[in-house]
């Protein structure tokens, strides 16, 4: 099997960070939803250490097989799936409602940290709390013993990558306001294959990239 696009994506991240004058850490989460286990195994062997899944059954099965990486759950999570997903998830990117916080906090062990998913554009087909409701959800999580590390968003599909810039800037500004009351809210999970370079310029600390990494496997020959 040919090599993936992992090294190329990492090079592009480093170059974009340099252009933006950034020296802070940027975490690359390899989103494996559409990858086979064989492709995922190859990427992990190349050095990927943070893997994202958006399907509850898949993250449970894959976490049992691939044990030496950190698992990020990046999809919408139903309350009845929490008991299975929580033990294998190192960071939940999609905390989006108070009842999910209730489910997530019900554990004998300390619950894994979370990111608050914010639906900045108010798109009805997408999950996420409204910007106006984000602080209240952070408060709810904190009161429930859940550590909130930051915010996550999926912006409207852009016609050009630059179109995502205003949404990423909006998430950064919202993070800064919330951090006045919750200083540990620092992370910004934003930017995918089509717009992660713009996300870096707007302060992303976590990128969720799948297609740019796995497409080379499907373009062999």
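The values are calculated or read from the model by the stated rules, or taken from the named source; none is laboratory data. Bear in mind that the values here come from a model prediction, so they are computed numbers and not experimental data. Cβ coordinates were reconstructed from backbone atoms using ideal geometry, including for glycine residues, and neighbour counts include every protein chain displayed.
The set of residues from the stretch 136-169 being under 19 Å from the mean Cα position of the chain (by Cα), in a helix (DSSP H, G or I) and buried (at least 18 other Cβ atoms within 10 Å of the Cβ) comprises 137, 138, 141, 164, 167, 168. Residue check: residue 198 meets all listed conditions (1) under 23 Å from residue 22 (Cβ atoms); (2) part of a loop (DSSP other than H, G, I, E, B); (3) more than 13 Å from the chain's Cα centre (by Cα) but one, namely (2).
Which members of the stretch 10-25 meet the condition of being surrounded by 19 or more Cβ atoms within 10 Å (Cβ to Cβ) and either under 18 Å from the mean Cα position of the chain (by Cα) or in a strand (DSSP E or B) (or both)?
First pass over the stretch 10-25, keeping only residues surrounded by 19 or more Cβ atoms within 10 Å (Cβ to Cβ): 13, 16.
The one that is surrounded by 19 or more Cβ atoms within 10 Å (Cβ to Cβ) and either under 18 Å from the mean Cα position of the chain (by Cα) or in a strand (DSSP E or B) (or both): 13.
When you check residue 192 against the structure, is it surrounded by fewer than 22 Cβ atoms within 10 Å (Cβ to Cβ), closer than 27 Å to residue 48 by Cα and touching a residue at least 40 places away in the same chain (Cβ under 8 Å), yes or no? Yes: the conditions hold for residue 192. Output the residue which, of all residues in the stretch 1-23 that are farther than 16 Å from residue 212 by Cα and in contact with a helix residue (DSSP H, G or I) (Cβ under 8 Å, 6 or more places away or on another chain), is modelled with the lowest pLDDT. That would be 1. Checking each residue in the stretch 201-221 for being in contact with a strand residue (DSSP E or B) (Cβ under 8 Å, 6 or more places away or on another chain) and not in a loop (DSSP other than H, G, I, E, B) picks out 206, 207, 208, 209, 213.
Restricting the stretch 37-53 to residues that are part of a loop (DSSP other than H, G, I, E, B) and touching a residue at least 40 places away in the same chain (Cβ under 8 Å), which is surrounded by the most Cβ atoms within 10 Å (Cβ to Cβ)?
In the first step, residues of the stretch 37-53 are kept if they are part of a loop (DSSP other than H, G, I, E, B); the result is 47-49.
With the extra rule that they be touching a residue at least 40 places away in the same chain (Cβ under 8 Å), the set shrinks to 47-48.
Values: 47: 9, 48: 22.
Across the stretch 37-53, the extreme among qualifying residues is 48.
If you go through the stretch 108-123 and keep only what is over 18 Å from residue 77 (Cβ atoms), under 20 Å from the mean Cα position of the chain (by Cα) and either free of Cβ contacts under 8 Å to residues at least 24 places away in the same chain or buried (at least 19 other Cβ atoms within 10 Å of the Cβ) (or both), you end up with 120, 122. Taking each residue of the stretch 130-142 that is over 10 Å from residue 118 (Cβ atoms) and looking for partners that are part of a helix (DSSP H, G or I) and modelled with pLDDT of 95 or more with beta-carbon atoms closer than 6 Å, six or more apart or interchain, yields 135/178; 138/178; 140/98; 140/101; 141/101.
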